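Trainee: What follows is a single structure, and I will ask about it in a moment.
The values are calculated or read from the model by the stated rules, or taken from the named source; none is laboratory data. Here the structure is a predicted model, which means the values were calculated and not measured. Here the Cβ positions follow ideal geometry from the backbone for every residue, glycine too, while neighbour counts run over all protein chains shown. Please note that ligands, DNA and RNA were not included when accessible areas were found on the heavy atoms of the full protein model with its side chains. Shrake-Rupley method; radii C 1.70, N 1.55, O 1.52, S 1.80 Å.
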Amino acid sequence: MGNELNNMDDTWKEYFENTKNNKARPNLVKALSFVKDREQVLELGAGALTDSVFLLKEGFTMITAVDKEPIAQKVANMLPKEHFSYVISTFESLEYPENKFDLINAQFSLPFIHPEVFTEVFKKIVGSLKKEGVFVGHLYGKNDEWALSEKSMTFHTVDEVRELLSGLEIIDFQEKEWDKPTAEGSMKHWHTFLFIVRK
């Protein structure tokens, strides 16, 4: 990947190498059938840009891909600038334009928003959806293994998640627990809430 990876945490380098050839997430693929207009997309936690490339192939006009680490800069440089923007930012410091996006995609990334500002940032994300826009992603539950140690991450009960999603049309909502290695290869107990909602 060259020099753009040299200054990054080894964990994120490993994540990129282990996910760069992944297929688009199934819940994202499912969500597309509910998207009215294929114009503006916000991807939060863009990672290896697998989903961004998929969405470009699906004919979306403009993808804004956000990640706090430039782990896929080389891939980003190869994508058409008129249809793709790569933004290096935390979710907390990102500006969220109101009523802009037809689709927001946040795969396993929202829990990295700090607990003290999570609700505020989540409201801004929802506010950036157009009317009838679709939001697809994951939140982490209290039984997730990382909840014991990662105090800068946010974990929810099912009631808290339902409160966050209140006012939105729920298309799909699933709570899951399982044991599986992380992208970096360490075994972990996962507790997630998968959602597809429409504004």
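Trainee: Is it the case that residue 102 is over 26 Å from residue 151 (Cα atoms), charged (D, E, K, R), modelled with pLDDT of 95 or more and within 16 Å of the chain's Cα centre (by Cα)?
Mentor: Judged against the criteria, residue 102 is a match.
Trainee: To continue, here is another question. May I ask you to verify whether residue 45 is on the phi > 0 side of the Ramachandran plot and modelled with pLDDT of 95 or more?
Mentor: Criteria met by residue 45.
Table: residues versus (1) among the aromatic types (Phe, Trp, Tyr); (2) more than 26 Å from residue 29 (Cβ to Cβ); (3) open to solvent by less than 30 Å² (accessible area, probe 1.4 Å); (4) touching a residue at least 12 places away in the same chain (Cβ under 8 Å).
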residue	(1), (2), (3), (4)
117	no, yes, no, yes
125	no, no, yes, yes
136	no, no, yes, yes
149	no, yes, no, no
168	no, no, yes, yes
171	no, no, no, yes
174	no, no, no, yes
184	no, no, no, yes
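Trainee: Among the residues of the range 186-199, which ones are free of Cβ contacts under 8 Å to residues at least 60 places away in the same chain and touching a His at 6+ places or on another chain (Cβ under 8 Å)?
Mentor: Correct list: 193 only.
Trainee: Looking at the range 41-73, which of its residues are surrounded by fewer than 20 Cβ atoms within 10 Å (Cβ to Cβ) and assigned to a strand (DSSP E or B)?
Mentor: Hits for the range 41-73 are 62, 66.
Trainee: Of (1) under 28 Å from residue 189 (Cα atoms); (2) hydroxyl-bearing (Ser, Thr, Tyr); (3) open to solvent by 10 Å² or more (accessible area, probe 1.4 Å); (4) not in a loop (DSSP other than H, G, I, E, B), residue 86 satisfies all except one. Which?
Mentor: Failing condition for residue 86: (1).
Trainee: Being acidic (Asp, Glu) and either closer than 19 Å to residue 133 by Cα or at pLDDT below 90 (or both) is true for just one of 51, 67. Which residue is that?
Mentor: Working: 67 fails: either closer than 19 Å to residue 133 by Cα or at pLDDT below 90 (or both).
When all the criteria are applied, what remains is 51.
Trainee: Quick test for you: out of 100, 81, pick the one residue that is touching a residue at least 12 places away in the same chain (Cβ under 8 Å), of a type in the set (D, E, K, R), open to solvent by 20 Å² or more (accessible area, probe 1.4 Å) and over 30 Å from residue 191 (Cβ atoms). If you could, list the steps in order and put the result at the bottom.
Mentor: Details: 81 fails: touching a residue at least 12 places away in the same chain (Cβ under 8 Å).
Only one candidate passes the filter, namely 100.
Trainee: Looking at residue 93 and the list (1) among the polar types (S, T, N, Q); (2) open to solvent by 20 Å² or more (accessible area, probe 1.4 Å); (3) assigned to a strand (DSSP E or B), which single condition is not satisfied?
Mentor: Looking at each condition in turn, residue 93 falls short on (3).
Trainee: Do we find that residue 129 is in contact with a strand residue (DSSP E or B) (Cβ under 9 Å, 6 or more places away or on another chain), under 20 Å from residue 164 (Cβ atoms) and buried (at least 17 other Cβ atoms within 10 Å of the Cβ) in this structure?
Mentor: Here the answer is yes, as residue 129 does meet what is asked.
Trainee: Checking residue 156 against (1) of a type outside the set (D, E, K, R); (2) free of Cβ contacts under 8 Å to residues at least 24 places away in the same chain; (3) over 20 Å from residue 30 (Cα atoms); (4) open to solvent by less than 80 Å² (accessible area, probe 1.4 Å), which single condition isn't satisfied?
Mentor: Here residue 156 clears every test but (2).
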